[in-house]
Structures are given as C-alpha cells and as structure tokens.
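Working notes, structure below.
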Amino acid sequence: MTKIGSTAGRRALLPVLLLAALAAGCGTEQAGGASAGNAASAARGATASPSVPVDRPCPGESTTPTPQAPAPSASPTAPPNDHYAENHGFMVPFPLHGDRRCQGLEEAGRVRKALEPLRRRGDFSTGKVREALLGLGYPAEQVETSQDGPTSVDFLVQADDYPVCVEGDMNRARTETDAFGGYPDGTGCDRPSGGH
C-alpha cells in the first residue's frame, strides 16, 4: 500500500476526488431542472414541512364534525391593494389544538355550567358573574366582566398561562362560551388594540 506523505501528493489527489464526485452524479440535472442534490433536499423538505394539526375528539365531545366557519377575508368588492385581513390579523385569536383544545373545551363547559343558574334566574349583574367565575378558582386578575345592556354580561377568563382563554356572554336566551389560545401581538387573553 502506498502512503502519500507530502502536501503536494494530497493536493494532486484533490482533483481526482472532485472528478469522481462529479462522475457519481452530484450536481447533475434531473428531469424538471432540479439537480440531484436539490431533488433530495426537496423530497426531504416536502416530508418535513408543517402540517395542519389533526384534533382528536375530547372527552364528552360529539364525534360528529361541526361545520367550520370560513376564515375572514377581504371583501370581494375591495380593491386588489386592500390589505384589511393582513392588517387586522392581530385581532384573530389562535385556535387551540391537541390537549390544549380539550382543556379549553373543558374550561368553557365549567364556565357555562357555573353561569347557567344565574341566567335562569335572570341575574345579569357583572358582580354575580364575576363571583361565579372566581368560585371556579380563577385568580381575580384573570377574570373580566362587562355589562352589555340590561340583560347581557360579557366575560373573559384566562384559565392558565399558556394561555387558554374562555370568552363569552350570558343573556336571556343562552350562555355562550368559546375557548382560544390568545392573540398574535399580545400576551394573555386580552385582544390587543393594535398590531402589525
């Protein structure tokens, strides 16, 4: 076996190695204009790209799919340069997925159950609603209530620091709750007043 001991000998070997790599197909064009290296990277990238989360049914949840509301979009009559949806995206809350979604549904159910007796009695005071929510163990600084007319109270609860948020309203007809995961450009559960 011959050992190349000099730097000059190693330099002479470099062009031979490069030629061998080129002959093996590195950098050659494939059908569609992609190089062999790029085609492999594209294939890896396609399988590693993020996907839409798939949510499993949570305990007590119906397995019948509920219709999804369409995503808000710009008005069809808006000029092509209208960036309303883009400029107001900070006001669209994050949806919950996986275990956090189940936690949100559970928290929303607890809130609804606690407020239903008040609704049936016709007690639409912010103080009583707040008292009922604090009775569920939520910290006082994470519970907000506001009067929305004589027979309606709006509420917002930060159930945990992730955050898992529950908002809704209680009125004569129903107690409505919705869980979400906070807002872009904001912290906690309060909708930011501005964004980018």
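Going by the conditions given, is Gly194 more than 25 Å from Pro57 (Cα to Cα) and out of contact with any Gly (no Cβ under 9 Å at 6 or more places or on another chain)? If you could, list the steps in order and put the result at the bottom.
Working: more than 25 Å from Pro57 (Cα to Cα): yes; out of contact with any Gly (no Cβ under 9 Å at 6 or more places or on another chain): yes.
Judged against the criteria, Gly194 is a match.
Go through segment 172-189 residue by residue and tally those that are modelled with pLDDT of 90 or more and of a type in the set (Asp, Glu). First the steps, then the outcome.
At the first step, the residues of segment 172-189 found to be modelled with pLDDT of 90 or more are 172-183, 189.
From what's left, of a type in the set (Asp, Glu): 176, 178.
Matching residues across segment 172-189 total 2.
Count of segment 157-185 residues, restricted to those that are under 29 Å from Ala85 (Cα atoms) and either under 19 Å from the mean Cα position of the chain (by Cα) or not in a strand (DSSP E or B) (or both), is 20. Criterion applied to Gly109, Gly104 was being touching a strand residue (DSSP E or B) at 6+ places or on another chain (Cβ under 8 Å), buried (at least 20 other Cβ atoms within 10 Å of the Cβ) and at pLDDT 95 or above, and the one residue passing it is Gly104. Looking only at residues in segment 112-127 that are in a helix (DSSP H, G or I) and surrounded by 14 or more Cβ atoms within 10 Å (Cβ to Cβ), the one that is nearest to the chain's Cα centre (by Cα) is Arg112. For residues in segment 128-139 being open to solvent by 50 Å² or more (accessible area, probe 1.4 Å) and outside any loop (DSSP other than H, G, I, E, B), which is nearest to Gln103 (Cα to Cα)? Residue satisfying both the conditions and the ranking: Leu134. Looking across segment 151-167, the residues that are of a type outside the set (Ser, Thr, Tyr), over 14 Å from Leu96 (Cα atoms) and open to solvent by 20 Å² or more (accessible area, probe 1.4 Å) come down to Asp154, Leu156.
Give the number of residues within segment 163-188 that are of a type outside the set (Val, Ile, Thr) and under 18 Å from Val92 (Cβ atoms).
14
Working carefully through the options Pro65, Pro79, Pro50, find the one that is more than 21 Å from the chain's Cα centre (by Cα), at pLDDT below 85 and either open to solvent by 60 Å² or more (accessible area, probe 1.4 Å) or among the aromatic types (Phe, Trp, Tyr) (or both).
Numbers: Pro65 fails: more than 21 Å from the chain's Cα centre (by Cα); Pro50 fails: more than 21 Å from the chain's Cα centre (by Cα).
Within the list Pro65, Pro79, Pro50, the selection yields Pro79.
The values are calculated or read from the model by the stated rules, or taken from the named source; none is laboratory data. Note that this is a predicted model, so its numbers are computed, not measured. All Cβ positions, glycine included, derive from the backbone under ideal geometry; neighbour counts span all protein chains shown. Each accessible area value is taken on the protein alone, full model and side chains, heavy atoms only, with ligands, DNA and RNA left out. Shrake-Rupley method; radii C 1.70, N 1.55, O 1.52, S 1.80 Å.
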